[in-house]
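Below is one structure, written out as structure tokens; comments come after it.
Nothing in this text is a laboratory measurement; each read-out follows from the coordinates by a stated rule. This structure is a prediction, so every number in the text was calculated from the model and none was measured. So basically every Cβ, Gly included, is an ideal-geometry build from the backbone, and we count neighbours across all protein chains shown.
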Amino acid sequence: MPFKKKDRIVFIGDSITDKGRKKDPLKLGSGYVRMIHDYLTAVYPQLSLKIINEGVSGNRVIDLEKRWTLDVIDHQPQWVSISIGINDVWRQLDSPMGEQVYPDKFEDVYRNLLDQTKQIPDCRLILMQPTVIKEYPDATGNRLLKPYVDIVNRLAEQYDALLVPTHLAFIDFLKLETGQDLTTDGVHMNSLGDTLMATTWLKAVEGR
């Protein structure tokens, strides 16, 4: 376990991270962040970790950029876990006439966020691959998503970040054709999807 006593861990991303956090007394939401919080609290109570959820529904990487100082830097965390990319692709499908965040821009903005975060003393990065768009591997959304997944993989290596292979975990699950859904609508997680995200995160982090 790489965490130290009283470490602050900021989770930031879109609705998948948000998961109703503003209605939750603990401001954690009901998704994978809450599951990770509960696991770490139950298994490592002596660490007294502080979990902070800064997910916002609808966010793309350009939205993270606008709020990075307030929602990440100002917390002065020891860890930052980033899950972004789904809406950057989804907007290309549901709002094709709007401003788009194509892979080159996605990488440039993401890289800038990581550069900013590296200025926080002793802060480590955890980069989560964007999950899936529709629950079959060769869906248009998943094909469009692939360059974004590749970018996250590359940035994780370049910035010595922990990589959480969530996209790979979801694709592998879908290929098993269990007949069980991971999402409610092809994007937003049901409890099984949140569990897969949380366990993939924990395996990547605890295994470090």
Inset, instruction - Output the number of residues of the range 1-27 satisfying the condition of being closer than 21 Å to LEU162 by Cα and either of a type in the set (A, V, I, L, M, F, W, C) or assigned to a loop (DSSP other than H, G, I, E, B) (or both). - result: 13
Legend entry - the range 93-120 - residue that is touching a residue at least 24 places away in the same chain (Cβ under 8 Å) and among the aromatic types (Phe, Trp, Tyr) and, of those, nearest to TRP68 (Cα to Cα): TYR110
Inset, instruction - Filter the range 28-87 down to the residues that are more than 14 Å from the chain's Cα centre (by Cα), part of a helix (DSSP H, G or I) and of a type in the set (Ser, Thr, Tyr), then identify the one that is surrounded by the most Cβ atoms within 10 Å (Cβ to Cβ). - result: TYR39
Legend entry - Single unsatisfied condition, ILE151 versus (1) touching a strand residue (DSSP E or B) at 6+ places or on another chain (Cβ under 7 Å); (2) of a type in the set (A, V, I, L, M); (3) in contact (Cβ under 8 Å) with a residue 40 or more places away in the chain: (1)
Inset, instruction - All but one of (1) closer than 18 Å to LEU155 by Cα; (2) touching a strand residue (DSSP E or B) at 6+ places or on another chain (Cβ under 9 Å) hold for ARG111, so report the exception by its number. - result: (2)
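Filter the range 176-198 down to the residues that are more than 20 Å from ASP14 (Cβ to Cβ) and not hydrophobic (A, V, I, L, M, F, W, C) and list them by number. Before the answer, list the steps.
Our first condition is that a residue be more than 20 Å from ASP14 (Cβ to Cβ); within the range 176-198, this holds for 176-180.
Hits for the range 176-198 are GLU177, THR178, GLY179, GLN180.
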Legend entry - Within the range 19-47, tally of residues that are of a type in the set (Ser, Thr, Tyr) and out of contact with any Asp or Glu (no Cβ under 9 Å at 6 or more places or on another chain): 3
Inset, instruction - Mind telling me which of the residues GLN46, GLN78 ends up being out of contact with any helix residue (DSSP H, G or I) (no Cβ under 8 Å at 6 or more places or on another chain) and in contact (Cβ under 8 Å) with a residue 60 or more places away in the chain? - result: GLN78
Inset, instruction - Could you tell me which residue of the range 192-208 is surrounded by the fewest Cβ atoms within 10 Å (Cβ to Cβ), considering only residues that are under 16 Å from the mean Cα position of the chain (by Cα) and not aliphatic (A, V, I, L, M)? - result: LYS203
Inset, instruction - All but one of (1) out of contact with any strand residue (DSSP E or B) (no Cβ under 6 Å at 6 or more places or on another chain); (2) buried (at least 19 other Cβ atoms within 10 Å of the Cβ) hold for ILE126, so report the exception by its number. - result: (1)
Inset, instruction - Please specify each residue of the range 144-191 satisfying the condition of being surrounded by 14 or more Cβ atoms within 10 Å (Cβ to Cβ), over 25 Å from GLN78 (Cα atoms) and hydrophobic (A, V, I, L, M, F, W, C). - result: LEU144, LEU145, LEU168, ALA169, PHE170, ILE171, PHE173, LEU174, LEU182, VAL187, MET189
